[in-house]
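First up is the structure itself, then whatever we jot down about it.
Since every read-out is calculated from the coordinates, none of them should be taken as a lab result. Given the structure is predicted, the values throughout are model-derived calculations rather than measurements. Glycine also receives a Cβ, built like all others from the backbone with ideal geometry; neighbour counts cover every protein chain displayed.
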Amino acid sequence: MEKLNKEEIQFIDNYLDNSDIVYGDVRLEIVDHIATDIECQINAGDNRSFYDIFKAYMIDNKSLILNNHKAFKKATDKKIIKTLFNQLLSFKGILFFISMGFILYIGINYLEVKTFNRILISSELLIQIGVLVLILITYKKNKIRYSALERALVLYVIYIFGVFNLKYNASFWGEFVYVFLLVKAFLVMLPILFLMTAIKFKNDYEIKFKSIL
Amino acid sequence: MSNSKLYKGSLTTIILKLLNESDKMYGYEITQKVKELTKGELKITEGALYPALHKLEAEGLLEVEVKKVDNRLRKYYRLTENGEKETVNKLNELANYISTMQNLVSPKLSLE
């Protein structure tokens, strides 16, 4: 049974990497599929060179592989959002949410609005940056570019730049102060939920990849 | 997945059934096993197979293990406990569907 050598495998891997399939955990499966298919063709008597068989395979399947990859990224984003909500509904998440709401409730009732907003915005910024650093550390330590971890980082950066810092304005919120507290508690918690999600994915990957790490 | 659209709805059941019969399988192996069992009648493309495998994994029905094989990494899929239960449900569902369809398209045959 003829097998592809290291250089040939690396060639397939580089080709896919250059074709924008950048996540290692996804690419390895496509590399294996293509390599196994080429080996089967060679062992069935195909006399063409590895490069010719690979070229023919890619002509037939490249668009399918790339479309698949786009769909995979979307599915991963959905999985991350689902995991974020699952983290929110976990015991730890609910505990964090209640504590955050309670802290905000105390702040809004015992501090001046100006002081409350100043403390709120600066602590929120501190949490956002701190979590970003922690996620980056989690991401940097990996040998392989894991799709779910990197997509979580992308979504987190979108959150940081996309969600403006919501301040408390008594005349705007009026009697809906509790709505403000709930929304704000959720927004302040989101970075922590992102961190919990990133750690969960990292642990999952470590289990899956334990034999090669 | 090529051939008929009728097969598409059964892809998950096919994957679960195959994994139920062996300890673990990788993607290409699944496509070849299906081709072999159906004598080439049914061909599962990677465009259909991998999204289905990833979905089943996300639902907790499959677990993944990565191993180094022949100069490369290979992802093996295995049924979880929930996956085994779901396989039984899916196969019953499919059996009911086949029986209902048989009643519809050839009632005489189903009465015999």
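One table, with the values for the structure above:
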quantity: Nonlocal amide H pairs with residue B:26, under 5 Å, H built at 1.01 Å; calculated: B:77
quantity: Global size of the range A:8-53 as Cα Rg and Dmax, reported in angstrom; calculated: 11.3, 33
quantity: Computed magnitude of the charge dipole of chain A (debye, nearest 20; Cβ of K, R +1, Cβ of D, E -1); calculated: 880 debye
quantity: At 0.890 mPa s and 25 °C, Stokes D of the protein assembly as shown from Kirkwood alpha-carbon radius, µm² per second; calculated: 106 µm²/s
quantity: Neighbour net charge for residue A:55 - beta-carbon separation under 15 angstrom, K R +1, D E -1; calculated: -3
quantity: Positive-pole candidate from A:31, A:209, A:188, dipole of chain A, charges at beta carbon; calculated: A:188
quantity: Long-range amide H partners of residue B:69 with built H, under 5 Å; calculated: B:74
quantity: Charge dipole (debye, nearest 20) of the range B:5-107; +1 at Cβ of Lys and Arg, -1 at Cβ of Asp and Glu; calculated: 360 debye
quantity: Size of charge dipole - the range A:6-74 - debye, nearest 20, with Cβ of Lys, Arg +1 and Asp, Glu -1, no other charges; calculated: 340 debye
quantity: Residue-averaged [θ]222 nm for chain B, counting only DSSP H segments that reach four residues, each worth -39500 (n - 2.57); calculated: -19000 deg cm²/dmol
quantity: Rounded if a/c under 1.5, otherwise prolate or oblate - the range A:84-131, Cα gyration tensor axes; calculated: oblate
quantity: Kirkwood estimate for the range B:5-107, i.e. one over the average of 1/r between Cα atoms, Å; calculated: 14.6 Å
quantity: For q = 0.09, 0.10, 0.19 Å⁻¹, Debye-computed log10 I/I(0) when each Cα of the range A:20-123 counts as one equal scatterer; calculated: -0.52, -0.57, -0.99
quantity: In Hz, Karplus ³J(HN,Hα) per residue of the range B:51-65 (6.51, -1.76, 1.60; θ = phi - 60°; x = Gly, Pro); calculated: x, 5, 5, 5, 5, 5, 5, 4, 7, x, 8, 10, 10, 10, 9
quantity: For the range A:89-208, convex hull volume per residue from C-alpha positions, Å³; calculated: 101 Å³
quantity: CD proxy at 222 nm, helix term only [per DSSP H run n ≥ 4: -39500 (n - 2.57); per residue of chain A; nearest 500]; calculated: -28000 deg cm²/dmol
quantity: Under 12 Å, Cβ to Cβ, from residue B:10 - net charge with Lys/Arg +1 and Asp/Glu -1; calculated: +3
quantity: Shielding of A:4-15 by partner chains, average beta-carbon count, 10 Å; calculated: 2
quantity: Derived scalar couplings ³J(HN,Hα) [the range B:32-38; Karplus, 6.51 cos²θ - 1.76 cosθ + 1.60; whole Hz; x for Gly, Pro]; calculated: 6, 5, 5, 4, 5, 5, 9
